[in-house]
Every structure is written in C-alpha cells, then in structure tokens.
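Heads up: the structure comes next, in structure tokens.
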C-alpha cells in the first residue's frame, strides 16, 4: 500500500544542489512525486510505500549536500496522489520569503580540476561553477534562488549547458549559475582610460602575469567585488600600493597559488588548513615566524608577526594563480576607509589613481562583499572571526524563537557597521559594512536596510538602535521610525555585545548566572560616560553591571582613539615622566588644562591597551584601528607564563584599578624589564583579573565579547590558567568586535527586560 507525504525543508537549501539531490534520491528509491523551491524553502511531494518514505525522509533531512544546512523540517501525510515519476517543477513564488539566504561558495575541487583539464570545454573559463560552488548572495536580486532572480539571467545557456542542466546524472543538473565560454561571462584587461588590451580570458591572464612581473598594480574584478593586486615579492611595488591606497601601515592580505606553496613558506596548523580550504575560504591570519618565502613581509605587514593569507576561491583567482604562480598582495579594491568597489564605472572613477590596469567582466554584482578574515586561538583550537563577510553573510546558522521579536530590525554600531533583521522565522545579519563616518559606507549601510526591506517585502515593526545619540546608525533609526511610524528601542552597546555571545551559545535558556566580560574601545554608557571595560551578570532575562575598569579622563574626543599617547597621558598624568617626551610643551600645557576641567570619563579597556603600547614605545599614533593593540600583542611573541605575576588585583569594589595598572607597567619598564615580558605580563594580568572576578561573583560560566577578545594570546592565557570548573564562551560565528552589535541588539530585544 502506498501513501503520499508532504515534506518542507528549511534552512540553507536553495542554490546548493538540494533539488537535484532530492531528485536522485527519490529515483534511486523508486519514489514518485516532485520537488520545488518555494518561499518557505524546499517542498517535496512524495508517494511510495511507508517504509521507503521513512528511509527517504531520513536521507534528505539528515544527509543533505555538503554545502546545505537543514535547520527545520516537517512531514505530513496528505490525500494520496498518483504521479507517474519524480520531477523538479518550477518555483512556486507564492507568499513571503521564509528561508535562509545562500552565501557565496568557494570553487570546489571538481571545478578546479576542470578549469585546468586539457580537452574540457571549460578549461580556462574563469566563471566556472556548479551546484556546489560559485557566487550566490553576490548575484542575488530576490529569492527563491532561481537563475531569473539573479544577475546570471543576463546570460542564456547554450545547448551544451542546457543539456547539463537537464541531465540528472550531471554535476550541473539544475545549477542556476551554469555557463561556459560559449554562452557565459566575458572578461577583458584594460588600461585606466578603459582601452582594452586583451578581450578574452586566455590573453587577459597572460597579460596580467606580464604586468604583475613588471611591477604593475591591478584592479581585478572578482565575483564579489574588486581586489587590488600586485607582486608580493616586490617591496617597492607594495609600498607604492600603500601610498596610492592611502594605507600607510595596515597589513595587506596575500593570495597564495596553492596550499603546497604556502606550506613551503609557512607553518600551517590543521585548524588553519581547514579554514583555508573551507567553503567560506576566508583570509586566515598565520604566524609569520620563520617565514621561508620571497614575499616582502615588512612591506606587507610592517612590524607584525602575522600574515593574512588566502587561497584562490573563484575561477578568476585560480586562473590568476596559474598565470602568475607566486604570492600576490590581494587587498580590498577601495581607498582606505571607503567601501569595496563592485562596478566597472565605480572602479574606473575611484581606483584610476591606484591601479595601473583593470581586469573586468560583464557579470553584475548586486551585493558586494569584502573577504572574511579569521584567526585561530591555540588552546583549545578555536576560530576567532575578525571580519564576517563573503561566505559567512547574510545568515545566522541557528534557529531563533522569533515570536517576541518578529519584524524587528537592528541597525548596529558605528565603526564596524552591520544590519540584522528578523522578518520571518529566520535571522539575517548583513556582511561587514565599515565605518559610518565615511559617506559612501553610510550610503551602503542605508542601501542594505532598503535591500532587506525589499527582499522580504515588509518594513520592520520595531527598530533597534545603539544608545549613543551621535551614532549615525542611531540617527538613521530615529529618522526611519518617524518616516515609517514604527517603534524604536535603544539597546546599550555593551549589553548588546553580551547578548550576542549569550545567544551564540544558547545561554539565555538556562537559569545559572553568567559573568559577562565586555572589553572594547568605546560605547555609550547608561550614565553618559564612555564605557569599554565592563563586567556584567546575566540571570533569567536580566543583565546587570557588576563591575568595571575604574574611570579615567576621556580626552579630545575621537582623537584619543587615534593617539595612544593621549591614553597614556590621561592614565599617568601630564607630569609623569613616561608621556613627557611624547608631547611638545605647548601640547602638555593644553592637555593639562583639559584634564583639569574635564568631566567626561571612560572605562575603556581598549584605551588601556593603547596606553601600555605607547608606554612601551610600540605605537603613539594609530594609522589604522587597533594598531597599538596589534603591536603590543606582537611584542609578546616569546612570552612565557613561567614567572608571570599579575601587576594588580581587583580593588575592594570589584573593579580594575586602571591607573595603578599602568603605573605598575611604568615601574616595570623603569626597572629594566624587557618590553616583550612587560607586554605579556600585562595581558596575563588581564586574564588573572577575569578569574578573580569570576571567583568573586561565584559563577562557573564566563562569556566574553568586545574587540579586545580578538587578541588570541588573551584567549589562550585564559584557557591555560583557568581552573577546571570554569566554562568559557567566546564568539565563533560572529566577530567579537562591533560587527556583532546588530545581532546582539536583536538578541537582547528577544530575551532581556
């Protein structure tokens, strides 16, 4: 006896080869019916014997295609149907969108092989893809994910591609991004005036290799935006790129042709190798100790002991690596602080003074994205996301209870902006957008809001904003609330950070108290001061502040974050010896007056890192955000816990004595202690202070967020010195920095009073 069941599968199930997978499984088991994409996900109607249907249901929900993620699934028996076979039917675009969106996927091994395979008609075709790889979110106009809903709709498949598309046994069966040299995307190489030097892939990449070897800088249009590339072995060329891009010392990423070549130059741990080969294919920060290659490290990452590397993740980059099999600087195609360029016209306008030549193509990019960036902590091995973008955005992988926060949108922070929303049963978080002080970043931020509203076909009923009244995200939220006549709710910056890490680990649902350690640069406090070194306690829906870094003077507004020497001056005072040589007499008198009349205070741990970095002579003026902290961590490369001793302990109020801490660091420097030991012992002190706070609060669970926790050495020390009863929670899916604030705002809104 046969029955018919209706199956709905939700999650990341479109644009991942799910329908072809279901089709093959059904045919193999002799099941009749159909599969289609809908606004809810994937809908399957299946007819067959009950025991075979059970086997089929288990197979399609538990063992999906490699890049798919099943979040929810359901089945119900319906009135018997009598189909003749099994088919993939056109998308039913009824109702609203209620599924996860599909991120871009790195080039798979099969396509990488075909790209070089003699006799294969896609040999040398830079835009090769299949159901398991290729751009998705970058090209998406709307969902469900079908070719006509993407910018691939501009390209009509040739007979050969259509035959693959319709063949159940072919790897490109129902591949929506399918194309080949006969019917697909055209590319070229041009000079800064737009004159084409080469007009096909073969000649374009041959010319690219010649130009790179000659020392040219190339603006290369990838499938998610432009990259600026040059030969990483030529230090003067890298320096020229720095000057043109207005990026004096921030490190560049390096594209290696292959893992084999990378391993010849650097040590790569198993966890790092896994990240480099993952479908997200991010930039991974590796230790550059013992570097054995030819890349000019001092020009690429001046003064640092880390190198950000990535492997080719698109056909374009794989072709480039084949044509020029050497390490390449591959940095975002923008001017410093501006968003990544993604159209030919924009690149020609903004990068004409940077690039010597332009590689372009006629595939429209709809959602430009920077490369994601991660690093690994050592003990235990774990991923620290530094930038969440291509391959990671725009989904949140875990299901959420959206009922309390349905139709909510969070507008995030200011410096590392992102947008998050819950328009249905899923939660979406945009890619990293950047600093909203930059007008073009602000434009992209507002466009992202509009894009989410258009994509999901509804305006939010509640807008969530940071409490800082001067943040542009706050102001825009207030503007939209009036325009749309919807509610706006302010969420304190550091409570959003805490809520983000609590949500990642499912800690809202248990009753045991959790200590939150939220350390970053700045955030508007509930008392009007500048917070940034906070202890919180969460229990049963309530987040309460239970301690802090003791307040010290906030000087000169945003200038303090750009000049670490100002943090040192504030913490030690203008009369102290340590900051004396860092200021002119006129500056000392000016800042002494400001300190005397100042009323704005800060508890910023980020500024304490700045002060110590300045004190030890590593960085007085930041040329990029976080530079002082990065140089301080670099100085700790040889630090050993043996003989480590905390500079200070918590005071009677359970707070961190900020000024005493920096005074003790100054005393250690004056006594002749090496800078590397002092820097390492400073970070050890911070780890020890967290343990002291956990003991005073009598908690077993400690959750950490904020930009300070991008410091892998701090995380490693916490694990190494921690008593066994403590349980540690760090971000794994989001960056600890302000990129997670939009997500945290939503999580606070859903779970906290």
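The values are calculated or read from the model by the stated rules, or taken from the named source; none is laboratory data. These numbers were taken from a predicted model, which means no experiment stands behind them. Every residue, glycine among them, receives a Cβ derived from its backbone with ideal geometry; neighbour counts consider all protein chains shown.
Here are the numbers for this structure:
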item: Residue in the stretch 559-566 that is more than 28 Å from the chain's Cα centre (by Cα) and assigned to a loop (DSSP other than H, G, I, E, B) present; result: no
item: Residue among 216, 153 that alone is within 15 Å of residue 363 (Cα to Cα) and surrounded by 14 or more Cβ atoms within 10 Å (Cβ to Cβ); result: 153
item: Lone qualifier among 171, 122 - being touching a helix residue (DSSP H, G or I) at 6+ places or on another chain (Cβ under 9 Å), closer than 18 Å to residue 314 by Cα, modelled with pLDDT of 95 or more and not assigned by TED's automatic domain parsing to the domain that holds residue 352; result: 122
item: Conditions (1) surrounded by fewer than 24 Cβ atoms within 10 Å (Cβ to Cβ); (2) within 19 Å of the chain's Cα centre (by Cα); (3) at pLDDT 95 or above; (4) more than 20 Å from residue 254 (Cα to Cα); number of the one not met by residue 377; result: (3)
item: Options 353, 360, 308: the member that is within 29 Å of residue 435 (Cβ to Cβ), outside any strand (DSSP E or B) and touching a residue at least 60 places away in the same chain (Cβ under 8 Å); result: 353
item: Among (1) surrounded by 22 or more Cβ atoms within 10 Å (Cβ to Cβ); (2) at pLDDT 95 or above, the one test that residue 108 misses; result: (1)
item: Condition met for residue 150 (modelled with pLDDT under 95 and touching a helix residue (DSSP H, G or I) at 6+ places or on another chain (Cβ under 7 Å)); result: no
item: Residue satisfying condition, being under 30 Å from residue 718 (Cα atoms) and either touching a strand residue (DSSP E or B) at 6+ places or on another chain (Cβ under 9 Å) or modelled with pLDDT of 95 or more (or both), within set 361, 414, 367; result: 414
item: Matching entry among 340, 384 (being touching a strand residue (DSSP E or B) at 6+ places or on another chain (Cβ under 8 Å), assigned to a strand (DSSP E or B), under 28 Å from residue 558 (Cβ atoms) and not assigned by TED's automatic domain parsing to the domain that holds residue 728); result: 384
item: Breaking point among (1) within 17 Å of residue 606 (Cβ to Cβ); (2) at pLDDT 95 or above; (3) touching a helix residue (DSSP H, G or I) at 6+ places or on another chain (Cβ under 7 Å), for residue 556; result: (2)
item: Residues within the stretch 242-286 that are free of Cβ contacts under 8 Å to residues at least 40 places away in the same chain and touching a strand residue (DSSP E or B) at 6+ places or on another chain (Cβ under 8 Å), tallied; result: 4
item: Residue selected from the stretch 157-168 under the condition at pLDDT 95 or above and either in a loop (DSSP other than H, G, I, E, B) or in the same structural domain as residue 355 (by TED's automatic domain parsing) (or both), by the criterion surrounded by the fewest Cβ atoms within 10 Å (Cβ to Cβ); result: 158
item: Helices (runs of 4 or more DSSP H) fully within the stretch 667-753 counting 2 or more residues that are touching a residue at least 40 places away in the same chain (Cβ under 8 Å) and surrounded by fewer than 17 Cβ atoms within 10 Å (Cβ to Cβ); result: 675-697, 712-721
item: Identity of the residue in the stretch 646-660, surrounded by fewer than 17 Cβ atoms within 10 Å (Cβ to Cβ) and in contact with a helix residue (DSSP H, G or I) (Cβ under 7 Å, 6 or more places away or on another chain), that ends up nearest to residue 568 (Cα to Cα); result: 649
item: Scope the stretch 542-560; condition surrounded by 22 or more Cβ atoms within 10 Å (Cβ to Cβ) and more than 30 Å from residue 697 (Cα to Cα); matching residues; result: 560
item: Unique match (being out of contact with any helix residue (DSSP H, G or I) (no Cβ under 7 Å at 6 or more places or on another chain) and more than 30 Å from residue 435 (Cα to Cα)) among 587, 563, 627, 577; result: 577
item: Test: residue in the stretch 423-430 that is over 20 Å from residue 136 (Cβ atoms), outside the structural domain of residue 245 (by TED's automatic domain parsing) and touching a strand residue (DSSP E or B) at 6+ places or on another chain (Cβ under 7 Å); result: no
item: Condition met for residue 59 (under 24 Å from residue 132 (Cβ atoms), touching a helix residue (DSSP H, G or I) at 6+ places or on another chain (Cβ under 8 Å) and modelled with pLDDT of 95 or more); result: yes
item: Residue under evaluation residue 632, criteria (1) under 24 Å from residue 705 (Cα atoms); (2) surrounded by fewer than 24 Cβ atoms within 10 Å (Cβ to Cβ), criterion not met; result: (2)
item: Exclusive hit being surrounded by fewer than 19 Cβ atoms within 10 Å (Cβ to Cβ), under 16 Å from residue 371 (Cβ atoms) and not assigned by TED's automatic domain parsing to the domain that holds residue 713, set 279, 270, 251, 236; result: 279
item: Condition check for residue 454: at pLDDT below 95, over 25 Å from residue 508 (Cα atoms) and outside the structural domain of residue 708 (by TED's automatic domain parsing); result: yes
item: Residue that is surrounded by 22 or more Cβ atoms within 10 Å (Cβ to Cβ) and under 18 Å from the mean Cα position of the chain (by Cα), where the choices are 464, 411, 363; result: 411
item: Test set (1) in the same structural domain as residue 18 (by TED's automatic domain parsing); (2) under 29 Å from residue 456 (Cβ atoms); (3) touching a strand residue (DSSP E or B) at 6+ places or on another chain (Cβ under 7 Å) - residue 83 fails condition number; result: (2)
item: Hey, residue 571 within 25 Å of residue 536 (Cα to Cα) and either in contact with a strand residue (DSSP E or B) (Cβ under 8 Å, 6 or more places away or on another chain) or not in a helix (DSSP H, G or I) (or both) or not; result: yes
item: Unique match (being within 30 Å of residue 392 (Cα to Cα) and more than 30 Å from the chain's Cα centre (by Cα)) among 28, 59; result: 59
item: Some residue of the stretch 93-105 being surrounded by 15 or more Cβ atoms within 10 Å (Cβ to Cβ), outside the structural domain of residue 200 (by TED's automatic domain parsing), at negative phi and assigned to a strand (DSSP E or B); result: yes
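Yes/no matrix, rows are residues, columns are (1) buried (at least 22 other Cβ atoms within 10 Å of the Cβ); (2) on the phi > 0 side of the Ramachandran plot; (3) in a helix (DSSP H, G or I):
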| site | (1), (2), (3) |
| --- | --- |
| 595 | no, no, yes |
| 610 | yes, no, yes |
| 621 | no, no, no |
| 624 | no, no, no |
